[in-house]
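Right, one structure below, let's go through it.
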Amino acid sequence: MKSNLILIGFMGSGKSTVGKLLAEKLEMKFLDTDLEIEKERNQSVQEIFSKMGEDFFRKLENEITKKLSSTNNTVISTGGGIILNKENIDNLKKDGVVFFLDVPKKNLYKRLLNSKGRPLLNGDELWQKISTVLDERIDKYVNSADFIVDVGNEIPYETMETIKRIYIEKA
């Protein structure tokens with residue numbers, strides 16, 4: 001059995017919330033790639049994007065992913081763009097099982113409507129931005145996942161229970 005449990009999905013899909021619940025329930029460590037980047041740089045993701053650009057952020061994300069991939073017994077919540085670099089997924093899969101939290105666009109819109117600090121969603125026309133970015137990424141999410149979890153209208157605890165069951169039974 002692979003020891004790490006990896007959560008991927010669009011921003012606002014609940015990866016951090018569900019990840020913390022999973023880590024507690026499964027008695028595992030919890031790490032979040034975005035939080036680890038922020039700790040290392042002493043800057044928020046928003047600041048890194050605005051001052052250094054997305055390409056710089058993606059390089060940091062790749063470095064952090066390599067480091068976190070070598071941990072054991074860890075739930076790793078990833079940033080929404082982790083799947084843009086195949087090397088990230090390859091590293092995470094070495095000792096991890098990848099779960100894609102699949103959330104309908106309308107639910108993402110509701111969750112992200114008042115969200116701050118998400119560089120790719122700054123400005124107006126939130127629905128259009130969510131649609132465009134998700135449409136560009138959906139195949140990568142699906143192809144990167146070992147398991148797809150249809151989150152729909154589930155509350156985080158229900159999602160956690162679903163993933164926990166799959167991880168214990170099949171992973």
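Of note:
- Set S50, S13: member being over 13 Å from T78 (Cα atoms), in contact (Cβ under 8 Å) with a residue 12 or more places away in the chain and hydroxyl-bearing (S, T, Y): S50
- Of everything listed in (1) part of a helix (DSSP H, G or I); (2) of a type in the set (V, I, T); (3) free of Cβ contacts under 8 Å to residues at least 60 places away in the same chain, the single unmet condition for V133 is (3).
- Test result for L22, crowded, with 20+ Cβ neighbours inside 10 Å and modelled with pLDDT of 95 or more: yes
- None of E169, E154 is out of contact with any Leu (no Cβ under 9 Å at 6 or more places or on another chain), without any contact (Cβ under 8 Å) to a residue 60 or more places away in the chain and crowded, with 18+ Cβ neighbours inside 10 Å except E154.
- Taken together, E27, E63, E87 contain a single residue that is at pLDDT 95 or above and closer than 21 Å to E158 by Cβ, which is E27.
- Condition check for K110: outside any loop (DSSP other than H, G, I, E, B), at pLDDT 90 or above, over 23 Å from E47 (Cα atoms) and not aliphatic (A, V, I, L, M): no
- Neighbours by Cβ (under 7 Å, 6+ apart or cross-chain): first from segment 56-67, free of Cβ contacts under 8 Å to residues at least 40 places away in the same chain; second part of a helix (DSSP H, G or I) and among the hydroxyl-bearing types (S, T, Y): E61/T33; I64/T33; T65/T33
- Here K86, K66 are screened, and the one residue that is among the basic types (K, R), out of contact with any helix residue (DSSP H, G or I) (no Cβ under 6 Å at 6 or more places or on another chain) and over 22 Å from I166 (Cβ atoms) is K86.
- Among the candidates I64, I8, I48, residue that is of a type in the set (A, V, I, L, M), buried (at least 20 other Cβ atoms within 10 Å of the Cβ) and in contact with a strand residue (DSSP E or B) (Cβ under 8 Å, 6 or more places away or on another chain): I8
The values are calculated or read from the model by the stated rules, or taken from the named source; none is laboratory data. Everything numeric here is computed off the predicted structure, so don't read it as measured data. Glycine gets a Cβ as well: all are built from the backbone with ideal geometry, and neighbour counts include every protein chain shown.
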